[in-house]
Structures are given as C-alpha cells and as structure tokens.
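The values are calculated or read from the model by the stated rules, or taken from the named source; none is laboratory data. Since we're looking at a predicted model, the values are computed, not measured. Methodologically, a virtual Cβ is constructed for each residue, glycine included, from the backbone with ideal geometry; neighbour enumeration extends over all protein chains shown.
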Amino acid sequence: MDMSETIVIKQHLIDPEICIRCNTCEATCPVGAVTHDDRNYVVDADKCNHCMACVPPCPTGSIDNWRQMPKVKAYSVAEQLTWDVLPGELPPEALVESVCEPTANASQVDSLTEAVTDPQTSSLVAPANAAAPKHESFSATLPPWSAAHAYTNLYGPKAADKTITATVTGNVRVTEVGKLGNSDYDTHHIVLDFGAMPFPVLEGQSIGIIPPGLDASGKPHHARQYSIASPRNGERPGYNNVSLTIKRVLEDHDGRPVRGVASNFMCDLNVGDMVQVMGPFGTSFLMPNHPRSNIVMICTGTGSAPMRAMTEWRRRLRASGKFEGGKLMLFFGARSKEELPYFGPLTSLPKDFIDINLAFSRAQGQPKRYVQDLMRERAADLAPLLADANTYFYVCGLKAMEDGVIDALSHIAKGAGHAWESVGAAMKREGRLHFETY
Ligand SMILES: Cc1cc2nc3c(=O)[nH]c(=O)nc-3n(C[C@H](O)[C@H](O)[C@H](O)COP(=O)(O)OP(=O)(O)OC[C@H]3O[C@@H](n4cnc5c(N)ncnc54)[C@H](O)[C@@H]3O)c2cc1C
Ligand code: SF4
Ligand code: SF4
C-alpha cells in the first residue's frame, strides 16, 4: 500500500453560497493559497498551512470551513471553482474505507494518519476516526424558527453599492482607564448613523468597516467585521443608527505590541467623522422572537456586543408591556472588572429581568474564574434550559472559549442524565446553539 493513500487532512474550504468575493482572504494569505476566478474564491490544499491569518478578516465567515479528507481525494482547485454549494463532511467510515487496504483496521489507520500542526489550537489534525472539531459539530447554521428576517450584503462587492457612508454620532470609552500586562485596555462604544439610506439590521448581525488608506503592499485596507451592539430599532430608538463595541488592539494574539488598523481608526473617531461600511452580515446568530423563549448568553470581552443588542431589545419590549419574554441568562468573562465593557449599566439591570454571572480571570487577590466555571456552578439551572426547545444559547468572543464552553455544556447534559452528543446535535438542528468567535 502507498503510504500517501492513508493520510487524512483537514481541508480548508470557502463556502461559495456566503462568500461575497471581497478578495480579503487572497490579499491576506501569506503563502498564496487562496485563488479565484470570475465565479469562486477557493483554497489550494497543497499550499494552505492552516495559519488562520485569513479567518478573522473574512467579513462573512465563509472562509472558516474545514473538512476531513483523505489527502489523495482532496478537492482540487479546479473542482472547487465549479461549486455552487459546499459539500458536506464525509462520514467517518468513508474516510476509513477510502484509506484502508482490505486487511487494515482502524488502529492501523490512526497510526498512519498524518500529523499536521494546527497553530490555532496547538493540536493535531484529527485522525480519520476522531470526532470533528467540537464547536463546529454543534454550532447551528440556521436561526431560531421565530427569528425575524435578516437582510444581508446590502452593501458589498456584489451589491450595486460597494459601501455605505455612515456618520459618527457617538464615541465613548466603556472600560475603565487602566493597564494590564504590557498594554492599555480600551474598549469603545461607537454609534454610526446612516441618515436616509436603508440599513436594516437585527441583533446578532455584524457589519464591515473599511479603514481609510492603504496597507503595506499599497492596496486599500480590507474590511474588518464588528458585531452590532444595538437593537433592531437603533441605538437611539427610531433613528437609523447602530452601535458597535470595539476593543483597541494594541498587542497581537501572542502579546507582541502592534497597532491594529481598524480598531484604532474606529476608537480614535470624533463625532461628525465619516466611515465606509459594508453589510449587514449574518443570517443565523439571531434571537428568537416568540413569547416565553429563553436566551442564554455566554461571552468574553467584545463578544458582549450582540448580547447587549439582544438584552436591550428584550428590555425595550418589556418596558412597552407588549411582549411576554422568557428568561435571560448571561455568563460574561473578562480579565478584570475594569476591563469588562458596560460593567456599570449591566449590573444595574433588574435581577428579575436578567440573571448575570460574571467571571474574572485576573482579578487581584482572587482565584482565576472563567465563564465555563460559572456555567458548571449553575448546572442545576442550565440543565433544564438545555433540554427546553424554547431556550437558545449564544456564544461570542475569543476563539479560545469554544472548547471550554462545549465541555461545560457536555458536563451539564451528562450530569442531568443526557448524552451531550444527542442534545448538542438536536440544538444544532433546531437553531438553538450559536457560536461567533474571532
Ligand atoms: C464575526 C466577527 C465579529 C467581530 N466583532 C468584533 C467586535 O464586536 N468588537 C471588536 O473589537 N472586534 C470584533 N471582531 C474582530 C475585528 O474584526 C478585528 O479583527 C479586530 O478589531 C482587529 O482589527 P485591527 O484592524 O485593529 O487589527 P489588524 O491590523 O487586523 O491586526 C493587527 C494584529 O493584531 C492581531 N489581532 C487581530 N484581532 C485581534 C484581537 N481581537 N485581539 C488581539 N489581537 C488581534 C492580528 O492577528 C494582527 O497580528 C470581530 C471579528 C469577527 C470575525
Ligand atoms: S489558513 Fe493561512 S495558509 Fe490557509 S488560506 Fe488561510 S491564510 Fe492562507
Ligand atoms: S474574505 Fe471571506 S467573503 Fe471575502 S472572498 Fe474570502 S471567503 Fe469570501
């Protein structure tokens, strides 16, 4: 048997149904693995080294797709260029069958599986018979059944208008002034007004911001994506505006000093300044609208933006007396109280309206606590919500939280006597578990 036939890779693919052909990934990829024709943007499996540089800048999330494939059967560039839809995951038995001699067994296949380092997780690419990446297996791609209709890509490369100009009507700091480690932490609440131009949004959607100027290679900057932090009827009700929660990036993911282009541009804006915007984006991370539907929100840092939008919409409905909402539960993690956006307004919300659980991982003189620790502590309250078809879970913030949250949910389901695999699969099918991490 040719050993190359036994290798299973995690193939990086682009979803042609969602991609807006903005060229960001091709411009970002350091090894030239992304290419395109008039029809599609695609990734060359022979070149892609899984560095993940293209994933955060992609305004639609269409680049964040991965499939386990026998290396000899990896989708070629030519084949991907013909796609209208992304193929599904191969069943594990197909992977095993396709790479085995008739006499080989699963453990032989395991030992022959190629180890490819995944820099994002510092783990190895999963072997043929291992589980798919955790959060991807359970993350819904459909919205709750009662979600409102979301408009998307009204402004973008494929639209008649590539961008819409918004005017800054507010910019305030929502974290206390302070320093942690080597850099200041500084998060801003920024309000953008679209005037008379249509820009309908829903809680959970995001927009793309195009910073002015050129990048190091002389090309216009690519768009950066930001979650909308205001409810559907505007930061100021009845006005055509949205708010954003933006953290000033002053160090990269490895703690090296850096000055993030878009986040610093946005945090430095003054009232009256103009910003080029694309979007809106997102069709699944949307809130339920039916009476007595419950929402469980799990977030870190600026992942609080969509949670603020959902909470504020429910708060306005409650104030109007027109809606019988269900429970709201929030698990919110930050390094310290000072670094937690909206700490003051959040803690003044009525206790009978929202059940707030805060976790600080670097609070002075206190043990480290993460959102998943709090979730485990609240297992008795979360277990019935996991099983309740009217409860919707949302996870937003750092990519690193994904596995910890899934582990906590799995622990809670098991503690209540349920198999997480079936609970999680049902939640995905029913549009009840949503991830947006970056
Ligand atoms: C779906 C989605 C929603 C998002 N929502 C928000 C949001 O609501 N609020 C928000 O502040 N950001 C959000 N982001 C992240 C945002 O799009 C930018 O990636 C971020 O602001 C950095 O952009 P920049 O131009 O300032 O940095 P860049 O100039 O693009 O990057 C500078 C360096 O910093 C690193 N870096 C990039 N992002 C971060 C980060 N967040 N922390 C530390 N290092 C980083 C890069 O790897 C690079 O080395 C979201 C991203 C996605 C994909
Ligand atoms: S993961 Fe890295 S190598 Fe692969 S396409 Fe994206 S930027 Fe290029
Ligand atoms: S960055 Fe995302 S939306 Fe833009 S071309 Fe690449 S995959 Fe498509």
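Check whether at least one residue in the stretch 228-247 is in a strand (DSSP E or B) and either loosely packed, with under 14 Cβ neighbours inside 10 Å or in the same structural domain as M310 (by TED's automatic domain parsing) (or both), and report yes or no.
No: zero hits.
When you go through A413, A425, A380 one by one, which is the residue that is in a helix (DSSP H, G or I) and under 23 Å from the mean Cα position of the chain (by Cα)?
On inspection, the qualifying residue turns out to be A425.
Conditions (1) within 27 Å of T169 (Cα to Cα); (2) part of a loop (DSSP other than H, G, I, E, B); (3) within 16 Å of ligand 2 (Cβ to nearest atom), marked per residue:
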residue	(1), (2), (3)
L269	yes, yes, no
V275	yes, no, no
M278	yes, no, no
V296	no, no, no
A305	yes, no, no
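Filter the stretch 309-348 for residues that are touching a helix residue (DSSP H, G or I) at 6+ places or on another chain (Cβ under 8 Å), at pLDDT 95 or above and under 23 Å from V201 (Cβ atoms) and give the result.
Within the stretch 309-348, L328, L330, F332 meet the criteria.
Could you tell me which residue of the stretch 358-390 is surrounded by the most Cβ atoms within 10 Å (Cβ to Cβ), considering only residues that are in contact (Cβ under 8 Å) with a residue 60 or more places away in the chain and farther than 25 Å from F343 by Cα?
The residue in question is L385.
V168 - would you say it is free of Cβ contacts under 8 Å to residues at least 60 places away in the same chain and outside any loop (DSSP other than H, G, I, E, B)?
no
What is the number of the single condition among (1) among the β-branched types (V, I, T); (2) surrounded by fewer than 19 Cβ atoms within 10 Å (Cβ to Cβ); (3) closer than 16 Å to G303 by Cβ that I406 does not meet?
Of (1) among the β-branched types (V, I, T); (2) surrounded by fewer than 19 Cβ atoms within 10 Å (Cβ to Cβ); (3) closer than 16 Å to G303 by Cβ, only one is false for I406: (2).
Does the stretch 23-39 hold any residues that are assigned to a loop (DSSP other than H, G, I, E, B) and either away from ligand 2 (no atom under 14 Å from the Cβ) or at pLDDT 80 or above (or both), and which are they?
If the condition is that a residue be assigned to a loop (DSSP other than H, G, I, E, B) and either away from ligand 2 (no atom under 14 Å from the Cβ) or at pLDDT 80 or above (or both), then C29, P30, V31, G32, A33, D37, D38, R39 are the ones that fit.
Of (1) in contact with a strand residue (DSSP E or B) (Cβ under 7 Å, 6 or more places away or on another chain); (2) in a loop (DSSP other than H, G, I, E, B); (3) modelled with pLDDT of 85 or more, P127 satisfies all except one. Which?
(3)
Kindly provide the set of residues from the stretch 40-67 that are within 7 Å of ligand 3 (Cβ to nearest atom) and part of a loop (DSSP other than H, G, I, E, B), ordered by number.
Hits for the stretch 40-67 are C54, P57, C58, P59, T60, S62, I63.
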